[in-house]
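To keep things clear, I will list the structure first and then write my remarks on it.
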Amino acid sequence: MTRSDQIIHRFSIYEIKRHTYEPYVFRWTNFYENYSIFLQRYPVIQLDLAEDELIICSTVIDADNYSLLTTRRIVTKENGTEDIADLVGVKQNTPPLQFKLEKYNYVSGTLQLPNKNVFRYFIEAGKACMVMEYGIRTLIWSQQLTDSQMINLMRLWDKRFKS
């Protein structure tokens, strides 16, 4: 199945925007239409991206506590300890939309890895939760789609919602 990082990135950003209300201004959470925005915002966070790998979104609390989602993996640094998971074959454990209550600033979501280990990641509470949640959800879903299927879905949704 042919899948390019460019199409996966575009599809993920499209889905995040489709499920998140504007304005997209949150305390810790952002999505990135290009990598230079991430570099400008967080110059102290070093992320070694593979060729063609693109960053989709992040929840950055501080330099020692953050989660970054790319087109291939998720990186979480919690209390200074970094953990990286490939997203092939993962399952999302976190019940959707449980973070609407803003009594917490952030919470941890979890993924079940193919080896049955649990991977934790940060989610900002409130409306911002949709960025990381739909980023991850879309990446998991995109593993079942080809590039042309993702492009066709974006066209179909554009026609449906713009008419």
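Taking the criterion of being open to solvent by 50 Å² or more (accessible area, probe 1.4 Å), farther than 22 Å from Tyr106 by Cα, in a loop (DSSP other than H, G, I, E, B) and in contact (Cβ under 8 Å) with a residue 40 or more places away in the chain, the residues of segment 1-57 that qualify are Met1, Thr2, Arg3, Asp52.
Across segment 93-124, the qualifying residues are those that are modelled with pLDDT of 60 or more and of a type in the set (D, E, K, R), and the one among them that is least open to solvent (accessible area, probe 1.4 Å) is Glu124. Close contacts from segment 58-75, counting a first residue that is under 12 Å from Ile140 (Cα atoms) and touching a residue at least 12 places away in the same chain (Cβ under 8 Å) and a second that is surrounded by fewer than 24 Cβ atoms within 10 Å (Cβ to Cβ) and among the polar types (S, T, N, Q), with Cβ to Cβ under 9 Å and a gap of 6+ residues or different chains, come to Thr71/Ser4; Thr71/Gln6; Thr71/Ser142.
The values are calculated or read from the model by the stated rules, or taken from the named source; none is laboratory data. The structure displayed is predicted, hence computed values, not measured ones. Heads up, the Cβs are rebuilt from the backbone with ideal geometry, glycines too, and the neighbour counts pull from every protein chain shown. In case anyone asks, the SASA skips ligands and DNA or RNA and just uses the protein heavy atoms, side chains included. Shrake-Rupley method; radii C 1.70, N 1.55, O 1.52, S 1.80 Å.
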